[in-house]
Amino acid sequence: MKSDIHPDYHPVVFQDASTGTQFLTRSTATSERTIEWPTPDGTRTYPLIVVDVTSDSHPFWTGSARHIDSAGQVEKFRRRYGEVTRN
């Protein structure tokens, strides 16, 4: 790899704003906020980034996703606008 062209890739703690779940990963993102994170050799301070949605709160991953009745939507459209006839 060429030196001095890649962004700083470092450990960061992400926190879900709605559930409070935190996880440590690596990222190029930075933050002024920090958090103490327990490690096997004590605790370390990492940047903290609060995000709106993670897999802990996203409807797809939590199983609370709403399924739309597409056939019902088509019928509703047809009732409202009628059938389209083509020449």
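The values are calculated or read from the model by the stated rules, or taken from the named source; none is laboratory data. Only a predicted model underlies this, so the values are computations on that prediction, with no experimental measurement involved. Reconstructed Cβ throughout: ideal geometry from the backbone, glycine too, with neighbour counts over all protein chains shown.
Out of ASP8, ASP16, ASP56, ASP4, which single residue is within 12 Å of the chain's Cα centre (by Cα) and modelled with pLDDT of 80 or more?
Values: ASP8 fails: within 12 Å of the chain's Cα centre (by Cα); ASP56 fails: modelled with pLDDT of 80 or more; ASP4 fails: within 12 Å of the chain's Cα centre (by Cα).
One residue alone meets the criteria, ASP16.
Test each condition in (1) surrounded by 14 or more Cβ atoms within 10 Å (Cβ to Cβ); (2) hydroxyl-bearing (Ser, Thr, Tyr); (3) in contact with a Ser or Thr (Cβ under 7 Å, 6 or more places away or on another chain) for SER18 and report the one that comes out false.
Of everything listed in (1) surrounded by 14 or more Cβ atoms within 10 Å (Cβ to Cβ); (2) hydroxyl-bearing (Ser, Thr, Tyr); (3) in contact with a Ser or Thr (Cβ under 7 Å, 6 or more places away or on another chain), SER18 misses just condition (1).
Residue by residue through the range 44-57, note down the ones that are within 11 Å of ASP16 (Cα to Cα) and β-branched (Val, Ile, Thr).
Of everything in the range 44-57, those that are within 11 Å of ASP16 (Cα to Cα) and β-branched (Val, Ile, Thr) turn out to be ILE49, VAL50, VAL51, VAL53, THR54.
If I filter the range 33-43 down to residues being touching a residue at least 12 places away in the same chain (Cβ under 8 Å) and assigned to a strand (DSSP E or B), which single residue comes out as farthest from PHE23 (Cα to Cα)? Don't jump to the end; show me each part of the working.
Step one: of the range 33-43, the residues touching a residue at least 12 places away in the same chain (Cβ under 8 Å) are 33-35, 37.
Keeping just the survivors that are assigned to a strand (DSSP E or B) gives 34-35, 37.
Values: THR34: 13, ILE35: 11, TRP37: 10 Å.
Ranking the candidates gives THR34 first.
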